[in-house]
1. Within segment 87-139, track down each residue that is open to solvent by 40 Å² or more (accessible area, probe 1.4 Å), touching a residue at least 60 places away in the same chain (Cβ under 8 Å) and under 19 Å from Ser71 (Cα atoms).
2. Looking at Ala24, Ala43, can you tell me which residue is part of a loop (DSSP other than H, G, I, E, B), over 17 Å from Ser114 (Cβ atoms) and modelled with pLDDT under 75?
3. Please specify each residue of segment 50-73 satisfying the condition of being loosely packed, with under 13 Cβ neighbours inside 10 Å and either touching a helix residue (DSSP H, G or I) at 6+ places or on another chain (Cβ under 9 Å) or not in a loop (DSSP other than H, G, I, E, B) (or both).
4. Taking segment 80-111, which residues are within 17 Å of the chain's Cα centre (by Cα), more than 21 Å from Leu52 (Cα to Cα) and either in a helix (DSSP H, G or I) or modelled with pLDDT of 90 or more (or both)?
5. What tally of residues in segment 23-46 results from selecting those that are open to solvent by less than 100 Å² (accessible area, probe 1.4 Å), among the polar types (S, T, N, Q) and within 19 Å of Pro111 (Cα to Cα)?
Amino acid sequence: MKTSYLALAIFFLLLTLSLSNASASHFIIIDNETGCILQEQGANDKFPVGSLTKIAVAITLLDWIKVSGNSLDAAAEVPTPAAPQGQGNPLGLQAGDRVTLRDLLYLTLLPSDSEAALTIANYVGLKLPNKDQLDSVGN
């Protein structure tokens, strides 16, 4: 199952790179079956893990959907802390906007929308057991 998530993440990365005119200064493309590096540029450079966090949010959402039996068609409300956080909000999400989980997933992975990721974390965090009384995103 983890392999399919990795393949999904690589698919979204390749789709984003192929659909945009922007060029990536650092990337690595690996054949999922052989582990062979197909192409790389700056693959060993260190960077903050913001995009990996968004991938983790996406995996958490997909796992929760599978376990809970909920649907990606459910609508989540953008929470007040999510809007706006600067340049990480390409769609311009505002507090109170209602967006399907499917659209939030796409926004999180394709244009790397921070508000979409925070909305997913808030929505799922409110639905999970919370024995430590964390806020919804922390949960």
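The values are calculated or read from the model by the stated rules, or taken from the named source; none is laboratory data. None of the values given here were measured: they were computed from a predicted structure. Heads up, the Cβs are rebuilt from the backbone with ideal geometry, glycines too, and the neighbour counts pull from every protein chain shown. Heads up: the accessible areas ignore ligands, DNA and RNA and are worked out on the full protein's heavy atoms, side chains in. Shrake-Rupley method; radii C 1.70, N 1.55, O 1.52, S 1.80 Å.
1. Once the filter is applied, which keeps residues that are open to solvent by 40 Å² or more (accessible area, probe 1.4 Å), touching a residue at least 60 places away in the same chain (Cβ under 8 Å) and under 19 Å from Ser71 (Cα atoms), segment 87-139 yields Lys127, Leu128.
2. Criteria check complete, one pass: Ala24.
3. Once the filter is applied, which keeps residues that are loosely packed, with under 13 Cβ neighbours inside 10 Å and either touching a helix residue (DSSP H, G or I) at 6+ places or on another chain (Cβ under 9 Å) or not in a loop (DSSP other than H, G, I, E, B) (or both), segment 50-73 yields Gly50, Leu52, Lys66, Val67, Ser68, Ser71, Asp73.
4. Val99, Thr100 - these are the residues of segment 80-111 that are within 17 Å of the chain's Cα centre (by Cα), more than 21 Å from Leu52 (Cα to Cα) and either in a helix (DSSP H, G or I) or modelled with pLDDT of 90 or more (or both).
5. Going through segment 23-46 one residue at a time, the tally reaches 1.
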